[in-house]
Structure formats: structure tokens, C-alpha cells
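Asks: Structure incoming, see below.
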Amino acid sequence: MGNTANHPDGTGPEAPKALSDDLWSLYRSRVHVPPEVDRAVLEMARSRFAGRRRSVLVLRWATVGAAAAALLLALSLMVQQERPLAPRIPSTRPEAAVRQDVDGNGRVDILDAFALARHIEARDKRRHEWDVNGDGDVNQADVDTVAMAAVSLEKGTLQ
Amino acid sequence: MRKMLAALLLCALCVAVLRAQEPEGRPAVRFEAVDVYVDSGKSPLAAYQFELAAEVGDMKIVGIEGGEHAAFKEPPYYDPAALMKHRVIIAAFNTGADLPSGKTRVARVHVQVTGDAEPDYVVKLNVAASADGKEIKATATLAGGTGK
């Protein structure tokens, strides 16, 4: 386009024939590719494309496999959610809170710790349920556990 | 020399601005002690549990100590999570025979108050008991809140 702008008649620049012939003979390709090299290049190209096709296939199957695994996981989670939770969560009262309610009035407060301390001081016959912290012994540590439960800001009082 | 003078002038200006922003009178942050009393009347007090909170004002609990009577001199039970919060449940008991009766200071709560608003402390006695572990009628009251 630039040439036509320079030559309003639209013919463009013409090189002299001698120069044109010289240039043609100078840059004319004289490279001879033997047929075996040609075949080798062709083989390499084929094997390369075959490998690429294999990796595309592997990727496709991996995607399908991942989708199937995700579906199975979602299904198993849904099934688990539909199961009753009874074995893991006590039905009404948490067991720890029941143990801390030493006087059995339905709430955990300092009077439970006081009652337990009095039982220990009086050397009353030890009851299994007084082992509030579950260390196999009934002592001051159990009293402290109950007292700390009574003053806990996040305590779940028994109603 | 000019740069030094300019820096000094800037510092003086900053100090003046900061001073102007401080409210006059009370400091922005102050510490108070709130005394909690339990009045068990004629019954000896062997155990108590109360809840203290500030419904108005920016208050944080920073420390808790025991009461005046020997039976409750030791620091009471409280949730350590209550420190730096505005609500606490405090409790104590004594299995001994030397117990207070009437009005007695059972605990002193140290608080940090921020701002001008005077905290509106509320105390609620959850339970009080005599030496035999029976619940008794009692009342809880507050005193203090004076600057410390």
C-alpha cells in the first residue's frame, strides 16, 4: 500500500531484470532433504501428537474420576446426616452436668461444691458419681471442678 | 538550624493538640474497687454465689479478691474468662464453724473504667447457704466504685 502511495499509477517499483535474476539465483533454495530425514521428522511428529492425545485422555478420565469421588462423598455425608445422633449426644442432660449437680436440685451452683466438700470432710462413703473429674478419686480437685463449673460464664445450667 | 527549629515547633504543636483533646477532670481510663456485701441476717453465711455486671459504661474486670471475714478471706471462685469482661460470677464457701452473719463484705472486685460514663453496676445473688448447706434468705449489695 505504501508503494502505491509512492507510485500513483499503482504499478509499484520494478527492479531491472538482471538484478532480479541475480537475486533469484542467490536466494533460491538448494537444500536437499533426504527421504529418510523426511520420514524421521514425520515419525517424530506422529509420536509427539500421539503422546499429547494420551495425556488428553488421561486428563479427561481424571476429571470424570474426581467428579465421581465428589458425588460419592456428598452422598455419604447426606446419609450420615440422616442417621440418628443418639449414640454420640446424650438425649437430655450432659453427663458431666449431671455429675456436677451433686445435690440433685437440677442446677449446678456453689452449693453443689459445698455439699461435696462437706461429704469429703465428713468422710462419707464415697460414691462413684462424686468423682466428677473422673480421675478415680474423690477429693478437693472434684470440689474445685464443680465450683468452677458453677461460676463458668458459659455454663449450661440444668433446668 | 532552621530544620531543628521547625521540628521543635512541630513537636510543641502536637503536644498542644493532644492536650486539647484530653477531657478535663477525669482521666480517660481509671481504676475502681467495687465491694460486694452479703447480708444473711442472723444466719451464719457458709456459702454464696452472685453475679456482677455493668449494664452501662465501659467497664472491665481486672482483679478479684476475697472478703473481710476470715471465712471468706481467700480469693473466691470465678471464671478467669471474666477478666477483661464486664460480667462475672463469683462464689465461695467455707465448711468451718467460724462464719459471719449479718452484713459482711464477701468480695472486692477491681475494675477498669474507660470514658466518662459512670458504670451502672448490677449484682444478683444467686444463692446463699448456712453451714448445713440449706439455702437461706440473703441480700447482696454494692459499695464503692470510687476512684482508686
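The values are calculated or read from the model by the stated rules, or taken from the named source; none is laboratory data. Computed from a prediction, not measured in an experiment: that's the story for all the values here. In this analysis, Cβ positions are derived from the backbone assuming ideal geometry, glycine residues included, and neighbour counts consider all displayed protein chains.
Asks: Report, ordered by the first and then the second residue, all pairs with beta carbons closer than 6 Å, sequence separation of six or more or different chains, a first member in the range B:115-133 that is within 14 Å of another protein chain (Cβ to nearest Cβ) and surrounded by fewer than 19 Cβ atoms within 10 Å (Cβ to Cβ), and a second member that is among the hydroxyl-bearing types (Ser, Thr, Tyr) and assigned to a loop (DSSP other than H, G, I, E, B).
Replies: Here the result reads B:SER130/B:SER43, each pair linking the range B:115-133 to a residue that is among the hydroxyl-bearing types (Ser, Thr, Tyr) and assigned to a loop (DSSP other than H, G, I, E, B).
Asks: Tell me, which residue of the range A:109-144 that is among the basic types (Lys, Arg) and more than 15 Å from B:ALA47 (Cβ to Cβ) is nearest to the other protein chains (Cβ to nearest Cβ)? Write out each step before concluding.
Replies: Our first condition is that a residue be among the basic types (Lys, Arg); within the range A:109-144, this holds for A:118, A:123, A:125-127.
Pick out the ones that are also more than 15 Å from B:ALA47 (Cβ to Cβ) and you get A:123, A:125-127.
Working: A:ARG123: 13, A:LYS125: 18, A:ARG126: 17, A:ARG127: 16 Å.
If we take residues in the range A:109-144 being among the basic types (Lys, Arg) and more than 15 Å from B:ALA47 (Cβ to Cβ), then A:ARG123 is nearest to the other protein chains (Cβ to nearest Cβ).
Asks: If you go through the range B:94-114, how many residues are surrounded by fewer than 18 Cβ atoms within 10 Å (Cβ to Cβ) and within 14 Å of chain A (Cβ to nearest Cβ)?
Replies: Qualifying residue count for the region: 3.
Asks: Does the range B:68-93 hold any residues that are part of a loop (DSSP other than H, G, I, E, B), buried (at least 17 other Cβ atoms within 10 Å of the Cβ) and not acidic (Asp, Glu), and which are they? Give the derivation first.
Replies: The initial filter retains those residues of the range B:68-93 that are part of a loop (DSSP other than H, G, I, E, B), namely B:68-69, B:73-76, B:79, B:83-86.
Retained after the next criterion (residues that are buried (at least 17 other Cβ atoms within 10 Å of the Cβ)): B:76, B:79, B:86.
The answer is B:PRO76, B:HIS86.
Asks: Another question, then. Can you tell me which residue is farthest from the chain's Cα centre (by Cα) among those in the range B:134-148 that are surrounded by 17 or more Cβ atoms within 10 Å (Cβ to Cβ) and within 14 Å of chain A (Cβ to nearest Cβ)?
Replies: B:ILE136
Asks: Restricting to the range A:112-159, and then to whatever is assigned to a loop (DSSP other than H, G, I, E, B) and among the hydroxyl-bearing types (Ser, Thr, Tyr), can you tell me which residue is surrounded by the most Cβ atoms within 10 Å (Cβ to Cβ)?
Replies: The first filter runs over the range A:112-159 and keeps only residues assigned to a loop (DSSP other than H, G, I, E, B), leaving A:122-127, A:131-139, A:152-159.
Add one more test, that the residue is among the hydroxyl-bearing types (Ser, Thr, Tyr), and what stays is A:152, A:157.
Numbers: A:SER152: 17, A:THR157: 15.
Within the range A:112-159, the match that is surrounded by the most Cβ atoms within 10 Å (Cβ to Cβ) is A:SER152.
Asks: While we're here: Where the second residue is assigned to a strand (DSSP E or B) and among the basic types (Lys, Arg) and the first is touching a residue at least 40 places away in the same chain (Cβ under 8 Å) and lies in the range B:57-82, which pairs have Cβ atoms under 9 Å and are six or more apart or on separate chains?
Replies: Taking only residues 6 or more apart or on different chains, the pairs are B:ILE61/B:ARG87; B:GLY63/B:ARG108; B:ILE64/B:ARG108; B:GLU65/B:ARG108; B:GLY66/B:ARG108; B:GLY67/B:ARG105; B:GLY67/B:ARG108.
Asks: With the condition kept exactly as written, say whether any residue in the range A:101-111 is assigned to a helix (DSSP H, G or I) and modelled with pLDDT of 90 or more. Working first, answer last.
Replies: Here is the first cut: in the range A:101-111, the ones assigned to a helix (DSSP H, G or I) are A:110-111.
Among the residues that remain, those that are also modelled with pLDDT of 90 or more are: A:110-111.
Yes, there is a match, as at least one residue in the range A:101-111 is assigned to a helix (DSSP H, G or I) and modelled with pLDDT of 90 or more.
Asks: Restricting to the range B:38-93, count the residues that are within 14 Å of another protein chain (Cβ to nearest Cβ) and among the acidic types (Asp, Glu).
Replies: Qualifying residue count, the range B:38-93: 3.
Asks: Still on this structure: Somewhere in the range A:25-45, is a residue under 43 Å from the mean Cα position of the chain (by Cα), surrounded by 10 or more Cβ atoms within 10 Å (Cβ to Cβ) and modelled with pLDDT of 80 or more? Outline the logic, then answer.
Replies: Residues of the range A:25-45 that are under 43 Å from the mean Cα position of the chain (by Cα), as a first pass: A:44-45.
Pick out the ones that are also surrounded by 10 or more Cβ atoms within 10 Å (Cβ to Cβ) and you get A:44-45.
Adding the requirement that they be modelled with pLDDT of 80 or more leaves A:44-45.
Yes, the conditions are met somewhere in the range A:25-45.
Asks: Going by what's in this entry, would A:ALA97 be described as at pLDDT below 80, more than 10 Å from chain B (Cβ to nearest Cβ) and part of a helix (DSSP H, G or I)? If you could, list the steps in order and put the result at the bottom.
Replies: Details: at pLDDT below 80: yes; more than 10 Å from chain B (Cβ to nearest Cβ): yes; part of a helix (DSSP H, G or I): yes.
Spelling it out, A:ALA97 is indeed at pLDDT below 80, more than 10 Å from chain B (Cβ to nearest Cβ) and part of a helix (DSSP H, G or I).
Asks: Restricting the search to the range B:56-67, which residues are farther than 17 Å from B:ALA140 by Cα and surrounded by fewer than 23 Cβ atoms within 10 Å (Cβ to Cβ)?
Replies: Keep residues of the range B:56-67 that are farther than 17 Å from B:ALA140 by Cα, which gives B:56-63.
B:VAL56, B:GLY57, B:ASP58, B:LYS60, B:ILE61, B:VAL62, B:GLY63, listed by residue number.
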